[in-house]
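*Asks:* Take this structure, written in structure tokens, and hold onto it; I'll ask about it next.
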Amino acid sequence: MTNKTPRKPPLVADKRYPSGQRKTRKTTATKTRKAPAKAKPAPRKRKTTRRKASGGGGIVGLFRRLIRWVLRLIWGITWRVGSVVCLIIALWVGYIYTTLPDVTQLLDGRARGSVTMLDRNGDVFAWRGDQFGGVITTETVSSNLHNAIVATEDKRFYRHFGVSPRGIASAVRINLSEGRGPLSGHGGSTITQQTAKLLCLGDPYDPASGLSEAEYEADCRRGTIQRKIKEAVFALAMEAKYSKDEILTIYMNRAFLGAGARGFEAASQRYFGKSASKVSPAEAAMLAGLLVAPTRYAPTNSLTRSQNRATVIVGLMEDQGYLSAAQAKEARDHPAQLSKAAAERAGGYFADWVMAAGPEYFTRNTTEDVIIRTTLDRRLQAAAEEAMQYVFENKVRAGSKAEAAIVVMSADGAVRAIVGGRETKVAGAFNRAVQAKRQTGSAFKPFVYGAALDLGYSPLDTVIDEPFCMNIPGSGQWCPKNYTKNYKGRVTLADALKDSLNIPAVKVSERVGRELVRQVASQFGLESDLAAGPALALGASESTLIEMTGAYAGILNGGSAVTPYGLTELKLLGERDALMGTEGGIGERVIQTKAAEELIWMMEKVVSEGSGRRAKLPNWQAAGKTGTTQAARDAWFIGFTSQYVAGVWMGYDDNTPLSGVTGGGLPAEIWHETMVRVHQGLEPTPLPMRAPAGPVENRDGGAPRQGGSGGTGLGGVVDKVLRDIFGGGGGRNQRPQDFNDR
């Protein structure tokens, strides 16, 4: 039996190949190490074509693929462009951030200063220029005001980053629903954006630019798309630089709130006479309501409109939880009221006159905060305004367009009250008391008789009132007539003035010398061009009411000229020493005291017995003169007591003749009503007048007349010597003669 070794099972590798391909043992044995076997590649799956769902092929599929490609392209461009834009905005914001100054430098942004005016008692009665009441912050201001501002302007102020997309979208929707353009009307601006606008995007006002401050501010408020973009970027930079409270502080100090008030402190002082730290909910609502339209809603323009706007703000404060229902009801039931000074419309005509008369660099164009003390007496101002209204309401036909003006002053020229027209509660209006030049009529005659009395004539000297003509070179014959067309024959100078006779006035003027009359009137303060012809005596020249009233004040004070003035002291805010004092007052003597006192005696007869009887005052002596111009285009009454001088003018702005009005009519009644109120509570004192002594012989062959400083005797000789030494000009050195000599 043969010994056979058992057969070894085939190796795994051998199993991978067919029998004919197996490698021999020898080949296998000769190798020291078997090579790793190669993995057999997995069989490839046969591709099967899957039918697309219905509609997936053809044009529709191609169109869809095209849309997806376009969208991918747009997205790719958008995020790249967006990234670049964001980078640019970030750099822009960063640049603006580096230019923003400290908060304290942004609180007072006025380009000009303010003027605060005090009356004769030292109380504030008017403001002009840009008022800045002082810095306030979110900590020092009343919580009522803080809440009212946020509730009104930006209820999400403490939650956004400077720009409110929600607010902008809401504003666009409202604008479109109201039929306006998307950027017209509601802007959707946040408080931060509004502050950026108040800062004019960091571009300060430059007077050298050629723009006025108003034009500069209008340019800053333009609502173009480019401007809105800049505004938004500036707002982002502010949010990065400042805290929310600092931004609100800038806003509260720079906002314009009407009537020249810059900032809520100035507005609170202006309208309520109190600090912004003490305003009530009703007052806070009224102040916040000014932000939307400061001029329109300023309570000095329309208190009712401002109160209605404040009611809306109270509702917003209640809705947002800043006021309880009870507090809101209290604010609605008791709306804010103006202070007394604010109710008087910032001093009206008087304040305007002081601003125009003062030095420009400290009034109209001041860059400093100025305090001006004035001569205004608010009691007398109210008296004049009430008198004006009373006469027009009770004695002038309804619908009349006639105007009037009143000036009240002391004998030294200190102006106590000015009413420049029937509309008394105004500022910046045409002031007929100081701006209107009108013919003076017979109100000029006291200067004619004053010149005669200064030469030594007496109120008892006579002149013949009769038809009269004279030749004027180059013009021919001139024949003046009396207003009544009647003639009274021989009359005294006193009677001629009392009855306002024209012929005697012309004769006296021609006798003493036209040039002397012009000189006396001019030295008394009538600076307007005076007529050169004989009609000078009848008031053919033009003058203003304040000039005429000042000239009469010179008669009252004994014959010395006065310059009407309203400013007594001017100093800078915070300074103790005044920069300037009174500009005006009593000046040089024009006529002798005796002549002035005799003239006052003659003018008293005008009121007590003559053409000015309607001006008569109970318990007070009064002197004055009526004036009516040709065709009754102007009517005047100017007069005085021992205490005050007052002038009244009445007429039409377009020179339409008055119907049935003379100086002794409505103007005298306005004067009467004014002076009755002015003298309330005062003890009556007599006028400084002198009655003429008994007549002496007139050596010139005329009628007997009063001996005087220019008459016969030692007094006349001494007076003539003094006149020759010191001069008097023109006819003042003439020897008195009868006025009827020709």
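The values are calculated or read from the model by the stated rules, or taken from the named source; none is laboratory data. Bear in mind the structure is a predicted one, so any value in this text is a computation, not a measurement. Quick reminder, even Gly has a Cβ in these numbers, built from the backbone with ideal geometry, and neighbours come from all protein chains shown. Note: areas computed on protein heavy atoms with side chains; ligands, DNA, RNA excluded. Shrake-Rupley method; radii C 1.70, N 1.55, O 1.52, S 1.80 Å.
*Asks:* Check region 142-152 and report whether any residue there is among the hydrophobic types (A, V, I, L, M, F, W, C) and open to solvent by 20 Å² or more (accessible area, probe 1.4 Å).
*Replies:* Just the residues of region 142-152 that are among the hydrophobic types (A, V, I, L, M, F, W, C), to begin with: 145, 148-151.
Now narrow it down to the ones that are open to solvent by 20 Å² or more (accessible area, probe 1.4 Å): none.
No, every residue in region 142-152 fails to be among the hydrophobic types (A, V, I, L, M, F, W, C) and open to solvent by 20 Å² or more (accessible area, probe 1.4 Å).
*Asks:* Any residue in region 396-421 that is free of Cβ contacts under 8 Å to residues at least 12 places away in the same chain sitting within a Cβ distance under 6 Å of a residue that is in a loop (DSSP other than H, G, I, E, B) and of a type in the set (Phe, Trp, Tyr)? List the pairs, counting only those 6 or more apart or interchain.
*Replies:* Listed by first residue and then by second, the contacts come to nothing, as the list is empty.
*Asks:* Here is a list: 257, 303. Which entry is under 17 Å from residue 153 (Cβ atoms), under 18 Å from the mean Cα position of the chain (by Cα) and modelled with pLDDT under 95?
*Replies:* 257
*Asks:* Here is a list: 556, 572. Which entry is of a type outside the set (Ser, Thr, Tyr), surrounded by fewer than 20 Cβ atoms within 10 Å (Cβ to Cβ) and in contact with a Phe, Trp or Tyr (Cβ under 9 Å, 6 or more places away or on another chain)?
*Replies:* None of the other options fit; the residue is 572.
*Asks:* State all residues of region 637-675 that are open to solvent by 20 Å² or more (accessible area, probe 1.4 Å) and either touching a His at 6+ places or on another chain (Cβ under 8 Å) or in a strand (DSSP E or B) (or both); if no residue qualifies, say none.
*Replies:* 643, 644
*Asks:* Something else now. Please indicate, with yes or no, whether at least one residue in region 197-216 is modelled with pLDDT of 80 or more, touching an Asp or Glu at 6+ places or on another chain (Cβ under 6 Å) and open to solvent by less than 20 Å² (accessible area, probe 1.4 Å).
*Replies:* Among the residues of region 197-216, not one is modelled with pLDDT of 80 or more, touching an Asp or Glu at 6+ places or on another chain (Cβ under 6 Å) and open to solvent by less than 20 Å² (accessible area, probe 1.4 Å), which makes the answer no.
*Asks:* With respect to the numbered conditions (1) open to solvent by 10 Å² or more (accessible area, probe 1.4 Å); (2) in contact with a strand residue (DSSP E or B) (Cβ under 8 Å, 6 or more places away or on another chain); (3) modelled with pLDDT of 95 or more, which one is the sole condition not fulfilled by residue 422?
*Replies:* Condition not satisfied by residue 422: (3).
*Asks:* Given region 462-501, what strands (runs of 3 or more DSSP E) lie entirely inside it while holding 3 or more residues that are open to solvent by 30 Å² or more (accessible area, probe 1.4 Å) and either within 21 Å of residue 627 (Cα to Cα) or touching a strand residue (DSSP E or B) at 6+ places or on another chain (Cβ under 7 Å) (or both)? Break it down into steps so the answer makes sense when it comes.
*Replies:* Working: elements: 462-465, 470-472, 476-478, 489-492.
By residue number, 470-472.
*Asks:* Still on this structure, please answer the following. Hey, does region 243-255 have a residue that's open to solvent by 50 Å² or more (accessible area, probe 1.4 Å) and within 22 Å of residue 124 (Cβ to Cβ)?
*Replies:* Checking region 243-255: not a single residue is open to solvent by 50 Å² or more (accessible area, probe 1.4 Å) and within 22 Å of residue 124 (Cβ to Cβ).
*Asks:* Residues 27, 104: which one is at pLDDT below 55 and either of a type in the set (Phe, Trp, Tyr) or part of a helix (DSSP H, G or I) (or both)?
*Replies:* 27
*Asks:* Here's a check for you: in region 66-87, which residue that is more than 30 Å from residue 233 (Cβ to Cβ) and β-branched (Val, Ile, Thr) is most open to solvent (accessible area, probe 1.4 Å)?
*Replies:* 67
*Asks:* Go through region 315-330 residue by residue and tally those that are open to solvent by less than 50 Å² (accessible area, probe 1.4 Å) and out of contact with any Leu (no Cβ under 7 Å at 6 or more places or on another chain).
*Replies:* Of the residues in that region, 3 qualify.
*Asks:* Mind listing whichever residues of region 526-550 are surrounded by fewer than 24 Cβ atoms within 10 Å (Cβ to Cβ), in contact (Cβ under 8 Å) with a residue 24 or more places away in the chain and assigned to a loop (DSSP other than H, G, I, E, B)?
*Replies:* The answer is 526, 528, 533, 540, 541.
*Asks:* Additional query: Would you mind telling me which numbered condition in (1) at pLDDT 90 or above; (2) open to solvent by less than 30 Å² (accessible area, probe 1.4 Å) residue 137 fails?
*Replies:* Of everything listed in (1) at pLDDT 90 or above; (2) open to solvent by less than 30 Å² (accessible area, probe 1.4 Å), residue 137 misses just condition (2).
*Asks:* Moving to a separate point now. Could you check region 431-474 and list, in sequence order, the residues that are on the phi < 0 side of the Ramachandran plot and without any contact (Cβ under 8 Å) to a residue 12 or more places away in the chain? Reasoning before the result, please.
*Replies:* Residues of region 431-474 on the phi < 0 side of the Ramachandran plot: 431-440, 442-455, 457-473.
Scanning region 431-474 gives 469, 471, 473.
*Asks:* Suppose we filter 411, 382, 398 for residues that are open to solvent by 10 Å² or more (accessible area, probe 1.4 Å), closer than 30 Å to residue 576 by Cα, more than 20 Å from the chain's Cα centre (by Cα) and hydrophobic (A, V, I, L, M, F, W, C); which single one remains? Walk me through it before giving the result.
*Replies:* Working: 382 fails: closer than 30 Å to residue 576 by Cα; 398 fails: closer than 30 Å to residue 576 by Cα.
That would be 411, the only listed residue that is open to solvent by 10 Å² or more (accessible area, probe 1.4 Å), closer than 30 Å to residue 576 by Cα, more than 20 Å from the chain's Cα centre (by Cα) and hydrophobic (A, V, I, L, M, F, W, C).
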